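Some notes on the structure that comes next.
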Amino acid sequence: MSATPPLSKATGYGVVVGLGFLFAFGMMLTTFVLRRYNNELQTSEAFSTAGRTVKSGLVSSAVVSSWTWAATLLQSSSVAYKYGVSGPFWYASGATVQVILFATLAIELKRKAPNAHTFLEVRNGLLNSSGLAETACKAIRARYGPATHGVYIVFGLMTNVLVTAMLLTGGSAVVTSLTGVPTAAACFLLPIGVVLYTMFGGIKATFLTDYVHTVMILIIIFLFAFTAYATSSVLGSPGVVYDKLVAAAERHPVAGNAQGSYLTMRSQEGVVFFVINLVGNFGTVFCDNGY
């Protein structure tokens, strides 16, 4: 018999629909204000590239918000439980290497193909000294042929399908656990607000929303950290956390860790996970057009 959700279905629908429309209204209002008082024109170029004027702060917040998804929250907690402190460390390390490499590559890409929008167009832009990229269909086909062009399209499409499915099902599972709202209903209702503000504001609206999300994420992280290490009646200090982890290792030693400890970086399974995470995240970053 399943446990009763702590919140009602009405609360769940209110949060999913109400909060979604609140975000959508806020971004639509921001877009209107920018058009009215900042004379921003919403052309197709501005819609897909935000005028190519996004600063490093918004880009950083977008990366943080985009990668704090179901895999981050669930997998990082899971590997911490199984491998100790090495798990979340290798999870974070495996997610930052690709961003650093892609950011370095992006500097050169912007020089060689300043008008490209997608990674398929980039390869054509590198071929043209003028940097004017053609359509995605002609770009990779012109240089590598139809077979390679098809492979890149399939990789990019499947990456975005999997990421979207992960985000929707992960978020819907949380809503279902907390409120009892059917998972299928949550999957259909959650994207409505995103679709609305993206239609009106383009990619710039998503960057602004990511900034708000990042602020909320940081607030939640600080609350959790201070609760665990300062105010909790169960833990309440770093020393107590350390002692309980030592005691847990004595009761249930971690296989493959030095002395079975949760507090060591010498973890065989943790290193294996790092390699898998590193390889997998290359596909996520380099096949996701958002990056």
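State yes or no: is Ser48 at pLDDT below 75 and in a helix (DSSP H, G or I)?
Working: at pLDDT below 75: yes; in a helix (DSSP H, G or I): yes.
Judged against the criteria, Ser48 is a match.
Quick check, is Lys204 surrounded by 13 or more Cβ atoms within 10 Å (Cβ to Cβ), of a type in the set (D, E, K, R) and closer than 22 Å to Phe25 by Cα? Break it down into steps so the answer makes sense when it comes.
Details: surrounded by 13 or more Cβ atoms within 10 Å (Cβ to Cβ): yes; of a type in the set (D, E, K, R): yes; closer than 22 Å to Phe25 by Cα: yes.
Taking the combined requirement at face value, the residue satisfies it.
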Working carefully through the options Ala184, Ala173, Ala165, find the one that is in a helix (DSSP H, G or I), at pLDDT 80 or above, over 24 Å from Thr4 (Cβ atoms) and small (Gly, Ala, Ser).
Ala165
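Being in contact with a Gly (Cβ under 6 Å, 6 or more places away or on another chain) and in a helix (DSSP H, G or I) is true for just one of Ala225, Ala249, Ala205, Ala230. Which residue is that? Even if it seems obvious, please write down each step before you answer.
On the way: Ala225 fails: in contact with a Gly (Cβ under 6 Å, 6 or more places away or on another chain); Ala205 fails: in contact with a Gly (Cβ under 6 Å, 6 or more places away or on another chain); Ala230 fails: in contact with a Gly (Cβ under 6 Å, 6 or more places away or on another chain).
After applying the criteria, what remains is Ala249.
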Hey, could you check the stretch 1-26 for residues that are farther than 13 Å from Ser177 by Cβ and more than 27 Å from the chain's Cα centre (by Cα) and say which is surrounded by the fewest Cβ atoms within 10 Å (Cβ to Cβ)?
Met1
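Which residue, of Leu178, Leu189, Leu218, is assigned to a helix (DSSP H, G or I), at pLDDT 85 or above and either over 21 Å from Leu73 (Cα atoms) or among the basic types (Lys, Arg) (or both)?
On inspection, the qualifying residue turns out to be Leu189.
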Filtered residue count, the stretch 255-274, keeping only those that are part of a helix (DSSP H, G or I) and touching a residue at least 24 places away in the same chain (Cβ under 8 Å):
5
Does any residue in the stretch 187-200 that is free of Cβ contacts under 8 Å to residues at least 12 places away in the same chain and crowded, with 18+ Cβ neighbours inside 10 Å come within less than 7 Å, Cβ to Cβ, of a residue that is of a type outside the set (A, V, I, L, M) and in a helix (DSSP H, G or I) six or more places away or on a different chain, and which pairs are these?
Thr198/Thr206
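If you check Tyr242, Tyr211, which single one turns out to be part of a helix (DSSP H, G or I), among the hydroxyl-bearing types (Ser, Thr, Tyr) and loosely packed, with under 15 Cβ neighbours inside 10 Å?
Working: Tyr211 fails: loosely packed, with under 15 Cβ neighbours inside 10 Å.
Of the residues listed, the single one that is part of a helix (DSSP H, G or I), among the hydroxyl-bearing types (Ser, Thr, Tyr) and loosely packed, with under 15 Cβ neighbours inside 10 Å is Tyr242.
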Scan the stretch 250-261 for residues that are under 32 Å from the mean Cα position of the chain (by Cα) and of a type in the set (Gly, Ala, Ser) and jot them down.
Ala255, Gly256, Ser261
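Taking the stretch 71-115, which residues are touching a Leu at 6+ places or on another chain (Cβ under 7 Å), buried (at least 19 other Cβ atoms within 10 Å of the Cβ) and modelled with pLDDT under 75?
In the first step, residues of the stretch 71-115 are kept if they are touching a Leu at 6+ places or on another chain (Cβ under 7 Å); the result is 84-85, 94, 97, 112-113, 115.
From the residues that got through so far, the ones that are buried (at least 19 other Cβ atoms within 10 Å of the Cβ) too are 84, 94, 113.
Scanning the stretch 71-115 gives a single hit, Ala113.
The values are calculated or read from the model by the stated rules, or taken from the named source; none is laboratory data. Predicted, not measured: the structure shown is a model, and the values here were computed from it. Glycine also receives a Cβ, built like all others from the backbone with ideal geometry; neighbour counts cover every protein chain displayed.
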